[in-house]
Amino acid sequence: MATLIKNIGTLAGILPADVLRLEGSAMNEVQSINNAYLIMGEGSIINFGQGQPSQPEESFDEVIDANGGYVLPSFCDSHTHIVYAGCRDGEFRDKIAGLTYEEIAKRGGGILNSADLLHNTSEEELYQQAMERVNEVIAMGTGAIEIKSGYGLTLEDEIKMLRVIKRIKESSPLTIKATFLGAHAVGRAYTGRQQEYVDHVCQDMIPAVAKEQLADYVDVFCDKGFFTIEQTAQILEKAAEFGIEPKIHANELDVSGGVQIGVKYNALSVDHLERTTPAEIEALRGSKTMPTMLPGASFFLGMPYGAAKEYINAGLGVALASDYNPGSSPSGNMRFVMAMGCIKMRLTPEQALNACTINSAYAMGVSDKVGSITIGKKANLIITKPIPSLAFIPYSHQTPIIKQIILNGKLI
Ligand code: NIG
Ligand code: FE
């Protein structure tokens, strides 16, 4: 079963198979072929090139006419909290009225509000609500997402969330990685006993999650008012005993030391980074850790945008992700993330696309399978209407340019 995509105006985002992330000036290029074709089969990219394929069109089982549009790799979204119950539109009013994220959290709102809602929602209902968002992001061009727990905050409810993520893995065409974020906030039963909660995460939650093989990664909200560096280290040590790699929430609310602790424990990524000093950049140099910025949270909470350009100028790679969650970024629109990368963080369209595809794939450990146009990778593709340039994608960021979505070689 082979499918031909013909009449591709520009096939963009081509990379060799051995490039798993792009750093520094390598982020400036998006390799492309004009007037191209692409062949896919068994869910993967089999071949591509300029002009027409050597085989006749009739020899293909299916032919898709791109009509001169762009074909791009699907977006990868390496940081989401897409499994949650209900929403927090009430806090939206508080926020507009002037309360900060921390003030809302201190009043028992925020993450704890979502934990209460989740506790009172059945696993089936939670799955249904999450699948609506999953289908929403698929339609907007996302092909791979990482999903975190962290709205359970009890052993039972964390497991409930992770089982929902597992079910989404099994039932949706997305490439999915699951992250255990038990240390997202202190569960209500442990109010005022933060260290005891951390001990509970380590002694009870991590072993249970590992036993059911529910998490690919572990995360900690290492920030002011949430978890300390010492507590983060304790959790990462425990996760390492079970072979679970970290991805860390760091430097959203303060220069938290989370970047350095992430690098020390070989985190795959350190995420947020709204606040950065030169020390963070130095800590990341030469590491395997991908700095990941979440402009949707900056936009929604009115925080500074990550200094992506400084990182790139220092020779580092940068990934962008949506942070889709009910409190700080209620959107999973990666095209808007790409646009904010350009408009607010001054990335070039090429840097922003690389940050939203190959580097975000790296930040969730799947860049050997997705994130670029590469023979052997999954055929996860966006076909656009004819557009004048790559820059048009973030420039005209609300224009509905996506014409077709292909995941695992199949039209969605
Ligand atoms: O990445 N910063 C911590 N966690 C989420 C927000 C979670 C929430 O408010 O529900 C974030 O921004
Ligand atoms: Fe987050």
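Principal axis extents of the Cα atoms in segment 66-214, from largest to smallest and rounded to whole angstrom, are 61, 45, 24. The aspartates and glutamates whose alpha-carbon is closer than 18 Å to the alpha-carbon of K403, local same-chain residues fewer than 8 away aside, are E62, D65, E136.
Using only Cα atoms and rounding to the nearest 10 degrees, what angle (0 to 90) does helix 123-139 make with the longest principal axis of the chain? Taking Cα atoms only, the helix is inclined about 40 degrees. Close amide H contacts of K177 (hydrogens built in the peptide plane, cut-off under 5 Å, sequence separation of 5 or more or a different chain): I145, E146, I147.
Rolling a 1.4 Å probe across the protein heavy atoms gives the chain an accessible surface of 38 Å² per residue. Most tightly packed first, judged by the mean number of other beta-carbon atoms within 10 Å of their residues, the peptides 180-193, 85-98 read 180-193, 85-98.
The angle between the Cα long axis of helix 155-171 and the longest principal axis of the Cα atoms of the chain comes to about 10 degrees, rounded to the nearest 10.
What FRET efficiency, computed as 1/(1 + (r/R0)^6) with R0 = 30 Å and r the Cβ-Cβ distance, is obtained for K106 and K211, rounded to the nearest 0.05?
0.30
Distance between the pseudo-spin-label points of K169 and K309 (7 Å out from Cα toward the beta carbon): 4.0 nm. Taking label positions 7 Å along the Cα-Cβ direction at both Y395 and I375, the computed distance is 3.4 nm, reported to one decimal. Label-to-label distance, E58 versus D204, with points set 7 angstrom from Cα along the beta-carbon direction: 6.9 nm. What the Cβ-Cβ distance of A17 and Q128 gives, at R0 = 25 Å and to the nearest 0.05, is a FRET efficiency of 0.10. Pairs from the list K177/K344; K211/K369; K106/K224; K95/K160; K166/K247; K177/K377 with a Cα-Cα gap above 21 Å: K177/K344; K211/K369; K95/K160. Taking Lys and Arg as +1 and Asp and Glu as -1, the other residues whose beta-carbon sits under 13 Å from that of G315 total 0.
Compared with the alpha-carbon gap, the fully stretched path from N28 to Q50 is longer by 5.7 nm at 0.36 nm per residue.
What a 1.4 Å probe finds exposed on the chain is 50% carbon and sulfur by accessible area, rounded to a whole percent. Stokes-Einstein, applied to the Kirkwood radius of the chain over Cα pairs at a viscosity of 1.002 mPa s and 20 °C, places its translational diffusion at 100 µm² s⁻¹. Here is how the number arises for the chain: DSSP H runs of 4 or more residues each give -39500 (n - 2.57), the sum is divided by the residue count, and the result at 222 nm is -9500 deg cm²/dmol. Computed extension gain for E196 through D254, at 0.36 nm per residue and net of the alpha carbon distance, reaches 18.5 nm. Each Lys and Arg contributes +1 and each Asp and Glu -1, all at the Cβ; summed about the Cα centre of the chain, the dipole is approximately 620 debye.
Summarising the amide proton neighbourhood of L320: residues at separation of 5 or more, or on other chains, whose placed amide H is nearer than 5 Å comprise M293, C356, S360.
The values are calculated or read from the model by the stated rules, or taken from the named source; none is laboratory data. Model, not experiment: these values are computed from the prediction. Cβ coordinates were reconstructed from backbone atoms using ideal geometry, including for glycine residues, and neighbour counts include every protein chain displayed. Accessible surface is based on the protein model in full, side chains and every heavy atom, while ligands, DNA and RNA are left aside. Shrake-Rupley method; radii C 1.70, N 1.55, O 1.52, S 1.80 Å.
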